[in-house]
Amino acid sequence: MLGCYDFCAHYEWTFEWLRREGGEPLVRRYWEEAIAGDSQRHAAELIIGKGFAGMKEYWAHTLSEEAAGYTFTEKPGVFRSDVHECPTKGFLLRNNLQAYGDYCDHCMGWVGPVMKKAGFVIHHEHNHCGQCWWEFRSNENPAPASAPGDLAGSSDVRQRSGWKGAETVLDSYRAATDPDDKRPN
């Protein structure tokens, strides 16, 4: 049986193996089918069934089990998660492991399809250093992502001195359903 940290390295290695075998489309298909559609079915059921309460229930359990440093902010119409210390990315960084070019992107790879199915828009950034933030709103809520500190105050990961030029992935699942939205999908 693989231990948790052994799993992280194997998981990341698997993404690179899939990329070499079938390119990025195969990696994306794996994230959507094997993770979103299979191994995280329970997360999808909670989020589809309970909305923000299901998100909080799922991620509070998961992030606590992984001993992640995180905060949640919930305001009318938006649920936000700030991850200050991702244990899996942290493990990869501490052990100088990087087989796949963007390990962090696998979260959007499975969370995106779940949220699209549940009717939510995602605003997200990650910085490849084990920090990221997520804002979830219903598809009917056209609000853009909050400015740093506006929604989560001092808990906003973007307020950290270590937050560096983050790779931005915004609205990728709104763009997929809105033909007037010209942002990259």
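Each value in this text was obtained by applying a stated rule to the coordinates, not by laboratory testing. If you're wondering where the values come from, they're calculated on a predicted model, not measured in any experiment. Don't worry about glycine lacking a Cβ; one is built from the backbone with ideal geometry, like all the others, and counts go over all protein chains shown.
Nearest 500 deg cm²/dmol is fine: what mean residue ellipticity at 222 nm does the chain get from its DSSP H runs of n ≥ 4 alone, each adding -39,500 (n - 2.57), divided by its residue count?
Numbers: 6 runs with 77 residues, N = 185.
The helix-only estimate for the chain comes to -13000 deg cm²/dmol at 222 nm.
Sorting check: for 110-123, 41-54, which peptide has the highest mean count of neighbouring beta carbons within 10 Å, and how do the rest follow? Mind showing how you got there, number by number?
Values: 110-123: 21.6, 41-54: 16.5.
Ranked from most to least packed, the peptides come out as 110-123, 41-54.
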Could you point to the residue in Leu92, Phe15, Gly162 farthest towards the positive end of the chain's charge dipole, with +1 and -1 charges on the Cβ of Lys/Arg and Asp/Glu respectively?
Gly162
Once the mean of 1/r over all distinct C-alpha pairs in the stretch 4-175 is inverted, the Kirkwood radius in Å reads 16.4
Alpha-carbon Rg with Dmax, taken over the stretch 51-119, Å:
13.6, 41
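Could you work out the equivalent-ellipsoid semi-axes for the stretch 1-55, taking the square root of 5 times each eigenvalue of the Cα gyration tensor, largest first, in whole Å?
Values: eigenvalues 129, 52, 11 Å².
They are 25, 16, 8 Å, listed largest first.
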